[in-house]
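The values are calculated or read from the model by the stated rules, or taken from the named source; none is laboratory data. Keep in mind that what you see is a predicted model, and the values were worked out from it rather than measured. Methodologically, a virtual Cβ is constructed for each residue, glycine included, from the backbone with ideal geometry; neighbour enumeration extends over all protein chains shown.
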Amino acid sequence: MNRLKDKWSTPKRDYLTILGDDKEFNELFNKRVEKYSQKNDEERSFYRTIFEDSVEVILTKEKERGYVLNPIMQCLDSFTLQLVQCQILELYGFEDDDDLKGTIAYAMMMEAPVYGNNSELQEFVDNIQEDIIKNGFKEDGKRYTLTAYSDYNTKDHNEIIKRLNQSTYITRAEINLLSNSVSFKFKEYTNAANFLTKIESVIDQLSTLLNSEIRNENKLQEFITNNPIVLGTEYKTVIPKHKLGAEYEMDYALQRFDGVFDLVELESSNLPLFNKNGQPSHHLVHAEQQILDWQEWLEDKNFYGREKLENIKSPIGIVVIGRNHNTDLQKLRRRNISFSNYIKIYTYDQILQKLVTLNENIKRGDL
């Protein structure tokens with residue numbers, strides 16, 4: 001297609017609409033229009049006249065009149081002689097959705113971009129235009145198509161790239177739809193990039209806190225509270241300092257996306273998990289007992305517990321304590337197995353490594 005030759009070899013003459021009440025100017029204008037009117041031009045339909053001269057068309061919806069198309073057209077102000085773009089007429093009274101679809105198709109053929117007046121109507125307009133592109137439209141019992149391509153997915157960015165490489169002319173409506181799709185995909189990439197940046201920042205800060213020569217345990221727990229992603233990405237709700245009646249207070253109650261609750265007890269990162277003789281330290285035993293007490297309380301007072309934590313049942317207990325370097329990790333694995341997933345024990349280094357592994361998997365696309 002030679003767009004310059006095919007479309008613009010003959011000058012396109014439009015007769016502007018006049019705004020304002022300058023009678024003298026309007027009379028002169030109307031005489032000139034009558035003298036040089038379209039006697040040598042091809043006859044143009046009403047819709048073609050409207051949409052060829054439209055900057056854009058906006059779809060609104062009203063209770064009484066239903067769908068209304070509002071062409072934004074270029075007009076001449078008779079007082080200031082300025083060209084003004086504004087709404088000057090409304091198209092409504094569509095018999096059915098096919099009638100509206102056919103009118104929008106005319107706008108698309110005249111390359112007038114059609115927009116919805118709000119996000120809901122914009123989605124409606126996008127769906128109509130995509131349907132017109134793929135399936136055409138009906139008029140007087142006949143079906144018409146705007147493009148030779150009807151078998152591609154305008155929401156698939158790979159298809160978009162493939163489509164843009166074709167030599168066939170792409171309509172403005174297609175470009176709008178493709179642009180929306182690319183914008184959506186770009187937002188996905190942006191959100192993913194922001195998520196990665198967040199994880200990497202959390203990894204760096206947690207690593208700094210853990211490896212500080214003078215470790216502040218309060219600051220470490222405050223950091224975890226402010227960055228609950230440290231505890232995992234599988235949780236939809238994170239509740240710090242949740243109380244079980246007047247008896248207990250847990251560091252965190254975590255609810256997974258499947259509704260299952262985890263109860264978290266944070267102990268100091270300086271504490272050992274095992275004594276030199278290989279027996280569990282009293283710090284570890286105390287933390288485990290805390291979890292068992294919470295689980296028993298919830299079992300005995302289930303109705304009360306459900307008032308605060310809806311649908312809580314058989315929660316899993318998590319203990320975070322100590323570091324890898326002062327822990328026999330093999331003994332820790334065996335101890336975790338012995339609790340049969342009722343209690344899970346992690347060192348702070350293992351929590352950090354889970355984040356590092358998640359970050360690497362996302363970058364590789366393994367998730």
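Worth a mention:
- Applying the criterion of being hydroxyl-bearing (S, T, Y) and in contact with a helix residue (DSSP H, G or I) (Cβ under 8 Å, 6 or more places away or on another chain) to the residues of region 92-141, the residue that is nearest to E56 (Cα to Cα) is Y115.
- The helices (runs of 4 or more DSSP H) falling completely within region 293-367 that include 1 or more residues that are at pLDDT 85 or above map to 329-338, 348-364.
- Restricting region 231-249 to residues that are more than 19 Å from W294 (Cβ to Cβ) and in contact with a strand residue (DSSP E or B) (Cβ under 9 Å, 6 or more places away or on another chain) leaves a set whose member that is surrounded by the most Cβ atoms within 10 Å (Cβ to Cβ) is E234.
- Among the residues examined, L121 qualifies as touching a residue at least 12 places away in the same chain (Cβ under 8 Å), in a helix (DSSP H, G or I) and over 24 Å from K142 (Cα atoms).
- Qualifying position, being closer than 30 Å to R323 by Cβ, at pLDDT 75 or above, over 32 Å from the mean Cα position of the chain (by Cα) and in a helix (DSSP H, G or I), among T197, T225, T208: T208
- Criterion (among the charged types (D, E, K, R), modelled with pLDDT under 80 and either out of contact with any strand residue (DSSP E or B) (no Cβ under 7 Å at 6 or more places or on another chain) or within 30 Å of F25 (Cα to Cα) (or both)) met by exactly one of R65, R44: R44
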